[in-house]
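A.B. asks: If you scroll down you'll find the structure; I have some questions about it.
The values are calculated or read from the model by the stated rules, or taken from the named source; none is laboratory data. Model, not experiment: these values are computed from the prediction. Glycine also receives a Cβ, built like all others from the backbone with ideal geometry; neighbour counts cover every protein chain displayed.
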Amino acid sequence: MLNRVQLRFLSLADNVGLARIAVAQLAGQARFTLSDIEEIKVAVSEAVSNAVIHGYQGRADGWIQVDVTLDEAGIEILVEDWGVGIADIQKAREPGHSADPERMGLGFVFMESFMHGLEVESALGEGTRVHMRRFVTWSGELSRDVQ
Amino acid sequence: MTIIHSVHRQYVHVRIKGDLDLKTAEPLRDSLDQLIDRYGDKDLVLDLEDVPFIDSSGLGVVLGRYRRLTQQNRSLRLEGVRPSVKVVLELAGIDSIISIGESPEGRPTTPQPQA
Ligand SMILES: Nc1ncnc2c1ncn2[C@@H]1O[C@H](COP(=O)(O)OP(=O)(O)OP(=O)(O)O)[C@@H](O)[C@H]1O
Ligand SMILES: [Mg+2]
């Protein structure tokens, strides 16, 4: 293992950028390219935003935890909230599916496309865990749609 | 995030500076809607040269303004789009409905003479 960082913060919109920047800094310690890091930032932003918006439904007093592990192979990111949870995970992950008519339902699509693996665990009334990883690749030998 | 706008004969040019995410989505939506209403006959050009980051919350605002404008037979154009933002727009398929101009750094360089 190269490094491990845990961040715990309140469900505020301001903290989305904070989590994004912290993970980007950490990813910079492995052999990711700048464009890899840009994509990892989008995935983190989506997972943390979902915790704020949907998990805690705008309440500012919920905890969100981001646990990042970095090793030679790449980065693993776990984003966890103790909010309302997801009733139907499969449906929630479908492109275009959103609980909010104003939103596009693209968050999970971005996480899936920009990372090399995404697992979602959730229980109603208990919360949600989003687990993502991305491998360091050599001159694009692993394409973005490899899961 | 800050925005600066200038009014032209056919369009309002809006230069946005900063990340477009959950934190900035609401103020951006409010400012753009105000401009759309105030200049009711003009198109909108969003200059994203100083926008290094966008996620689905930011995209939602852009797409929502696009919908509002097209309902009124007006258009929305994006300008100065950086590679990091373009990847996200493309993944969302937005590049096929909204006209996108790239930033200078994202443009292909002039072809070099072959050795
Ligand atoms: N942490 C979470 N807690 C509770 N529900 C969630 C959580 N994350 C996602 N969801 C549910 O899954 C749905 C799909 O999430 P996704 O991020 O793909 O789209 P969205 O957030 O609705 O829209 P967008 O991300 O495009 O703004 C959400 O509408 C919500 O109902
Ligand atoms: Mg989302």
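A.B. asks: Do we find that A:Arg103 is touching a Ser or Thr at 6+ places or on another chain (Cβ under 9 Å) and either near ligand 1 (Cβ under 8 Å from one of its atoms) or under 23 Å from A:Glu38 (Cβ atoms) (or both) in this structure?
C.D. replies: Taking the combined requirement at face value, the residue satisfies it.
A.B. asks: Follow-up. Could you check region B:40-64 and list, in sequence order, the residues that are touching a His at 6+ places or on another chain (Cβ under 8 Å) and not in a strand (DSSP E or B)?
C.D. replies: Scanning region B:40-64 gives a single hit, B:Lys42.
Condition check ((1) at pLDDT below 95; (2) in contact with a helix residue (DSSP H, G or I) (Cβ under 9 Å, 6 or more places away or on another chain); (3) within 14 Å of chain A (Cβ to nearest Cβ)) across all residues:
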residue	(1), (2), (3)
B:Ile3	no, yes, no
B:Gln10	no, no, no
B:His13	no, no, no
B:Ile16	no, yes, no
B:Leu22	no, yes, yes
B:Ala25	no, yes, yes
B:Leu46	no, yes, no
B:Asp50	no, no, no
B:Phe53	no, yes, yes
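A.B. asks: Output yes when any residue across region A:47-56 is part of a loop (DSSP other than H, G, I, E, B), within 7 Å of ligand 1 (Cβ to nearest atom) and within 13 Å of the chain's Cα centre (by Cα), and no when none is.
C.D. replies: no
A.B. asks: Only residues that are away from ligand 1 (no atom under 12 Å from the Cβ) and outside any strand (DSSP E or B): list them for region A:109-140, please.
C.D. replies: A:Phe114, A:Met115, A:His116, A:Gly117, A:Val136, A:Thr137, A:Trp138, A:Ser139, A:Gly140
A.B. asks: Okay, next question. If we keep just the residues of region A:88-129 that are more than 14 Å from chain B (Cβ to nearest Cβ) and under 16 Å from A:Ile53 (Cβ atoms), which is surrounded by the most Cβ atoms within 10 Å (Cβ to Cβ)?
C.D. replies: Across region A:88-129, the extreme among qualifying residues is A:Thr128.
A.B. asks: Is it true that B:Gly58 is within 14 Å of another protein chain (Cβ to nearest Cβ), under 21 Å from A:Phe114 (Cα atoms) and without any contact (Cβ under 8 Å) to a residue 12 or more places away in the chain?
C.D. replies: So B:Gly58 fails the test.
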